[in-house]
Each structure stands twice: as C-alpha cells, then as structure tokens.
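Please treat every number below as a calculation from the coordinates, not as lab data. Note that this is a predicted model, so its numbers are computed, not measured. In this analysis, Cβ positions are derived from the backbone assuming ideal geometry, glycine residues included, and neighbour counts consider all displayed protein chains.
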Amino acid sequence: MNKQDINGYDFSNDRITPTMVMDQLRAHDARMHNEQPYMALAKAAYTTKFWRYIEGQEDLNVAYEMSRLDQVEVNRLKPALTGYLANLYPRKMKVVVGPSSYTTGDIKKAEMLVNHWLNRPIMRERILNVSRQALLYKGAGAKIGYDPAEEGINRVWMRVFPYWEMVLDHDVHDRDDARFIGHVSYRPRKEVMEEYGLSEDIAGTSRNDYLGAYLSGTKRVEYKGDTAQSDATAFVRVLELCNKIDDFYDTDGSKYKGRLEIYVLDDGYDGEVKPVYMGPLPLVEASGKAMPHIVPLIFEHEPEYPYRGIAYSEQLLPQQKEINTMRSYMAQSARRDARVYLAPKGALDADAYSDLKSGEDGLIIEVDEQYAGNLANVVVPIRHGPISANIQVAAAQAEADFERNMVISPAALGQVTKATASEIAAVEGHTQSEFGRHAEMRDMFLIEVVKRCFAAHVASLYDPGDSEGAEANIDEEGMELDQDDLEVRRDAQGIEEADDFKPHMMYDPKTGESERADTHERHVELGNQGWSHDKPGIKEVEDEFEQTEDEDKQIIDLASEVEPERREDEISRTEQRLMLLGPEGEAVEVLPEDIDSDFEIGFTEAGRSPMAQSEMRNNILALSDKMLQLLQVSQEQKNAMGVMAGEILKTIHDQFDFPQNLSLDYILAETARIEEESPPEEPPPEAQAPPEGQPEAPPEAPPEGQGPEEILAQIESLPPDQALLALEQLLAENPQAMEAIQKAKTLPPEQQAEAVKALIQAIRESV
C-alpha cells in the first residue's frame, strides 16, 4: 500500500496507531539518550580510549583529577569479550534439524541448506558481530530478508544493527506479548524518496554518529558526526516497524495478520506522522503465521522485563576503571620518586634549572666555582618511600574481581593455573552454569534466525522477480498488471464479491491442479494467479503433448545426454529450485516444499568451554559401545526390557548433554528416512501374479549386458502403461524426457501407445 492509499486509511480501530508509534519512538529516544554515556564508556574501554572518554566528561574529570594523574590504560575488557565469544561460538558449529509433530519437509535437505547458509565466512562474521555488540551494550538486532538479484543461497541476507537502533516493546513481561519490534536508522534521502515515491520537499539531515561525541573528548552534546557539507541534508531517519497485532487490508480486499509499516521522519515526529508504506509482514512460517524479519539478541535482562537488557560489560566496567586508576597511581608514584629534588635558592641559574627539570640522560650541570657551600648540598634528591601497599592490594583485588566477574574460568580461557584437576572441575561447574544462561539465549536467537532463513528461502524460491511476490500479478508476457487489469481479470474469471461468496473448486488451466477455495480471500489469491472455475479439458492436455519434429529432436538429444537449449518456461521453473553441493560432491536439488515445514532445531559443539568439550568427547567414547547395545535391545525386544533400554538411552543423552544428532528420536527418524529412500527389494522369481483387479507390478529393469535394440524391443512388447514405466526407468536422468513421459501417463491408452512409439523412435535415431 503506497502513501496515497495510506492517506485514506482508517487507523481508528487499530491498537497500534501512528500516534502511538510516535509516542513509542519518543520513549525509545529518551531511553537511549540516558543510556548513551554508559554505552560510550563501554566502547571506550573496549577500544582502549578510556582516558579520552574521561577527559570529555567534566564531572568524571574532577573526580579522577586528570591534571595530576598519569594516564595508564590496561585493556582487560576486550580480551574478556574475545575469549567469551570464542567459547560461545566454537570453530565447528553445526545446526541439527530434526522432525517435529508437523514436519512434512525433507530434514536432510533443510539441514544441508541452513548449514551452507549459516557457516559461510560472512555469516559467521555477522553472528560474531551481533553477539559482540550484545555483550558490550545491552543488546543488538539482526534483520533477515532476500535479494532477488542474487543467486542461490546468497539471495538470503542478514544484516546487523546496534542496540540504539532497535525499537522494542520495552514494558512487556513476556516476549510473546510484544506488540511490535522495529529498526530506526539513517538512510540516504535520495534512495528513500525513490523507493517510496516521495516528493522533493522532504527535508534531509546529517547522519548521527551516536557515540562519536563521547569518544572524541568533547562534552556530552547532540552530535551529528564528522560529515561533509554535502552530507548536511543527505539523510533521513527511517523507522521500519513490524506491527504484530493489527491486521492489514490490501486494496484487493486481502487480509493479513500483522503488517510492516515504514515511517520517514524528516522533521522529527511532531504533529501527525503517517507511514509512507504499509504491507504484510515479509516472512511467513510453515503454519501460515506471519513473523517479523527482525530478531533481537539480549543475553541478560531485568528479571521482570525481557527487553530491558543488561550488558555483560556492565559487570566488568567497574573493575576495568579501578584497574586503570590504580595502575595510573602506581605509575605516578614511580615517576615522582625518580625526579624530585631540593636545591638552595640561587644555587642554580635559569638554564641549569631548566636542564635539571628536563632530566636528560648524561646531563652535566655546571656550578659556579665561587660557590662556598658543600657541593653535595647544591642539589639534593628527595627520597620517597615505596609505593603504598594499599595501592598494590587494591590493584590486585581489582584484577581478581575482574576475573571473577568474567563468568568464564581461567582454565576455560586457556590460562595456566596451579589448581588441581578437581579444583578446576569445581570452578568449571560453577562458571558453566552462569555461562550456560548466555548459551541458552544464544541458541534461542540462532533458532529464530534459522526459522527466518527457511522462510526467506521459501519466499525467494516462490518469487523469481521481486521481494514482494508480485509474480502473481503479471500477465502472460511478464508485464506487471495494475489494479484495473487485476479487476478485469477477476471479473473474467467470475470472482464474486465477499458478500456473495460460496466455497467452490478452482483449477490451474496449465497443470489441471485443483483446490477448494474455502474463503473469499483465498478465492481472490487464486484468481490473481490465473486460476479459474473451468476444469481444463482432456483436449488441452492432448494438444500440449503433440510433438513436432523439433520436440522429437530434443528427446533424441536427451537420450544421448546432450543438454539442449532451455526454453523460457524451463528457465522460470529452475528459478524455483535451489542447487546445493552434497557432502560427497553430488548435486542436491532443494524445492520450496522441502524446507517449508516445521522442524526441531538444535546445535552441536556449541557454547561449551574447552574443558567441557573435552569431557563430552571422552564421555561419548566411553559410552558409545554401551549405547549401541542399548539401542539394539530397544529395537529388538518389544517388552519391558526394550522400553527400559530406550529410556536409559534418553537419560544418558540428557544427563551428559550429548549433541541432538545422538538422541534416540533423531536416530529413529534418520533410520526411517533411509529405509524410505532405499529401493524396494525385488520379489523372488517364483512370486505369484497379483490377484485379479489389482494392477500389475512395475516391469523389472532390463538386465545388464543387453544392447540398446534388445532393450527397446522388450519395451515395445509391453502394454503402453508398462512401457511408459520402463522408459521412465531408462530415462530417469533426463528431466525433459521425464516431463514428456509424465504428460503421456495422463492420456488415454490409445494415445499412450502413440507416445511410446514416438519416444522409442527418437531413442533409436539417437543411437
């Protein structure tokens, strides 16, 4: 829905109105303004700019007495976050896709797809980036979508944005109660105007460098960053809001749960600000439920409010400040002890005094030969006592407190300690529980990312042209239909108004596929896709199968494994599939129905400390034989003993926290899949013929060693339906021939016979 349609849109019955959106944005900006100095301090400590930050804060500068304090900075925060991330995201991390109660897709293809997508270097870098920001600040956000101009899995993208750009329903007590989630950012003015068809009078601004003022050593002010003069009006502030609770009614009468709203904030948000765009939420779950394409990552939050984050760095910054301060005092004491002197007034002239103050190595100061005093009394160094033990104790305590608050033990970070194995295990047990909380939040975040990965791939496969699925609104020549054209199409197809609607069957004129339109909305959708009330006749199918000499030549080429030039309709079909490289280098085709399903999602080798990973590997090696024995008993003995063996297997898996692909449910599901894909065993030669009234078994594959003519002669002697099955086996690797065979199967027997003759003749000519 464009801006013109939105101007006449009635928001009065909505729970989230534009006025409420602006109120929420004001509240968001106020919260971020208050959090700004704390986030700036965290970034300054992480980037080794702690004292530069302190210099820019007058209240802190006085407290630290910067004019009399040496600036020594020991960066403990960055190594702590780096080590933490290394434990959260091991080098080898695999997504494990398992079946759920409603799984209809292909588990192995889904697992292969998401691991290909998620484990690319660029994706790993973005996952680490969003997690780094979520640890340093109070959270971070990610957006998932797709670009139809890209190829393969590169079509689906993920972008990361900082905490202060994430608009959250801040006051809810449960994540499922959140009414909205959004992303507010600066975008190029020209780009926004072209995308949403805005007028030239829209005002621009410079892009806000959110933490730039603090880290530049200036006072706390509203800061627009270091922008060129030409950038002063080059940007506009854009809010992308996912409204999760209000319905969206399209101009064609379609109704969607939830909606995407785009606001352009050129002059702030005073007065009435309406969105410049409204449409359905861009992604849909397999169940049909729409979902936002924005995913927040918040590792820790206030007990009552899941969207009020607590930064991991907040528990480390007090110790980081203390370490820097104590080390600066120690450096100051050492410098004073080395260069403080006492001299009689007038004993040194101005030049000598200046030379002494500079403290150059090898310096010789000349004394007036007429000086009557003792030469030893000309310059007397003042001796200071050693650095206060209190400062040393405080510095050591700050270091100890920092390590304790890191949550990860020194052994987990690879540091050598004098602790015994049992002591290390005890510390690991304590820290692992603390660390495990963040690992759970990481898994929740990645599961949501994976769900959107599947949804975005499904949308991209159904949309070969644009990100809004407009292929349903194109004519036979590929030109987009306007609203008037759509109304004419619907009138021609007999699409009634909602008040007169009654459920009925509709048909695809090209494939003959049928579907019952139970609602007016579904009726409209099918009509826009070209479906009609008229069932295609058999004559139409017959005409489609009539082969010309050119088509015969294509079959010949297929039979000789020469790839023909693809037709335009073939190209459009290939755009709705995805080719992946399998584990053994084979090509794997992924269709939308393979991944448009509900899956159970888990991870292996994820979020364990080095010691925990080593312990898990040892447990797997120690228990593998016993687990195999238990598995055998659980499958062979259908009694209490078998049930108990299965339950023991489940307990071992849960208690030792083994990967999901070692669970009993996963193993049984994988076994069923392998059995389903395995070819059926051929019946013995003495097998009896099937009873009358039942179809005969498919013909056996031609025996090896026979020549082409013998094989074709055998196929010719078969009934048409059996001959088609034999040809299907013979040409299984030729998709175009398979398409012709499938069409032939829909024909009457006499026409099937003619089709068999044409196919066999084409093969003979190729041979």
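How much net charge surrounds residue 180 when only the other residues with a Cβ under 15 Å from the Cβ of residue 180 are counted, with Lys and Arg +1 and Asp and Glu -1?
It works out to a net charge of -4.
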If amide H atoms are modeled at 1.01 Å from N in the peptide plane, then the residues at a separation of 5 or more from residue 341, or on another chain, having amide H under 5 Å from its own are 382
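Give the order of 380, 160 when sorted by the count of other beta carbons within 10 angstrom, beginning with the fewest.
Ascending Cβ contact count within 10 Å gives the list 380, 160.
Calculate the FRET efficiency for residue 101 and residue 657 from the Cβ-Cβ distance with a Förster distance of 22 Å, rounded to the nearest 0.05.
The value I calculate is 0.40.
As an exercise, identify the trypsin sites (Lys or Arg not before Pro) in region 89-143 lying in DSSP coil whose Cβ has no more than 15 other Cβ atoms within 10 Å.
Passing sites in region 89-143 are 91, 92.
Give the peptides 34-41, 324-331 in descending order of average Cβ contacts within 10 Å, highest first.
324-331, 34-41
Using the count of nearby Cβ atoms within 10 Å as a rough guide to exposure, how do 403, 754 rank from fewest to most? Don't skip to the answer; put the middle values down first.
Working: 403 18, 754 15.
Going from sparsest to densest Cβ surroundings: 754, 403.
Where does region 610-674 land on the Kirkwood hydrodynamic radius, alpha-carbon pairs, in angstrom? Show your work: numbers first, answer last.
On the way: mean 1/r = 0.0806 Å⁻¹.
One decimal place: 12.4 Å for the Kirkwood radius.
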Once both labels are modelled 7 Å past Cα along the beta-carbon direction, what's the residue 85-residue 11 spacing in nm?
3.9 nm
Put a dot 7 Å past each Cα toward the Cβ at residue 345 and residue 199; how far apart are the dots in nm?
8.0 nm
Quick one: which residues, 5 or more positions from residue 349 or on another chain, have an amide H under 5 Å from its amide H? H modelled 1.01 Å from N in the peptide plane, none for Pro or chain starts.
none
Suppose the chain between residue 396 and residue 677 were pulled fully straight at 0.36 nm per residue; how much longer would it get relative to their current alpha carbon spacing?
94.7 nm
Other-chain or far-sequence residues with amide H under 5 Å of residue 47's (modelled H)
none
How would you rank 273, 756, 97, going from fewest to most other Cβ atoms within 10 Å of each one's own Cβ?
273, 756, 97
